[in-house]
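The values are calculated or read from the model by the stated rules, or taken from the named source; none is laboratory data. Small disclaimer: the values here were computed from a predicted structure and weren't measured. For neighbour counting, all protein chains shown are included, and Cβ atoms are generated from backbone atoms with ideal geometry for every residue, glycine included. Protein only, heavy atoms only, side chains kept; ligands, DNA and RNA dropped before computing areas. Shrake-Rupley method; radii C 1.70, N 1.55, O 1.52, S 1.80 Å.
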Amino acid sequence: MQNTVFARLFGGLDTLIPNLQDARAGAVFYAPPRGKNEHAMFCSVSQVDGDMRLIELADDRVQRDGEIVPAPWLKLRVDMSNKIAEVLEMEYGNGYEAVYTGGKTVNPQRALINLFAVNWLQAMVNFELAFLSTDMPVAA
């Protein structure tokens, strides 16, 4: 296994999303909050093209200290054959970042954006969170 940010990002997604290899376009996953003041996480597979997947992740936090803020959101390209993933877009409380803009222009924050995503996913793994398919029955 490669030890790059992109391989670690793939590893986090593969750990958290059930049957990522077989996920179809339109599949939606949900990681429920563990406690009263925690937030839920959502994941959707927006596109599948062979071994490539576009995955979107978001949490449901919309308030901070009474102020409405955008929920953190990531759009990732996942390459199943090479076992790597990369953030393409990210929205967070302070703004929006696109990794690639027009042609071959790469955001100078590309490495930090992907490292943020790796750390976010690793925190989910550390807290033993996992996505559940919304196609599966859930006991209340």
**Message:** Can you pull out every residue in the range 32-42 that is out of contact with any helix residue (DSSP H, G or I) (no Cβ under 8 Å at 6 or more places or on another chain) and closer than 16 Å to TRP73 by Cβ?
**Reply:** HIS39, ALA40, PHE42
**Request:** Please enumerate the residues belonging to the range 1-28 that are over 26 Å from LEU112 (Cα atoms) and either in contact with a Pro (Cβ under 8 Å, 6 or more places away or on another chain) or hydrophobic (A, V, I, L, M, F, W, C) (or both).
**Result:** ALA23, ALA25, ALA27, VAL28
**Message:** Within the range 89-105, take every residue that is open to solvent by 70 Å² or more (accessible area, probe 1.4 Å) and not in a strand (DSSP E or B) and give me the one that is farthest from VAL78 (Cα to Cα).
**Reply:** ASN94
**Prompt:** Out of (1) open to solvent by less than 50 Å² (accessible area, probe 1.4 Å); (2) over 16 Å from the mean Cα position of the chain (by Cα), the odd one out for GLU38 is which?
**Reply:** (1)
**Request:** Quickly run through the range 12-22 and pick out the residues that are over 16 Å from LYS75 (Cα atoms) and either outside any helix (DSSP H, G or I) or in contact (Cβ under 8 Å) with a residue 60 or more places away in the chain (or both).
**Result:** THR15, PRO18, ASN19
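Quick check on my filter: what residues within the range 67-88 are at pLDDT below 95 and open to solvent by less than 60 Å² (accessible area, probe 1.4 Å)?
Once the filter is applied, which keeps residues that are at pLDDT below 95 and open to solvent by less than 60 Å² (accessible area, probe 1.4 Å), the range 67-88 yields VAL69, PRO70, ALA71, PRO72, TRP73, LEU74.
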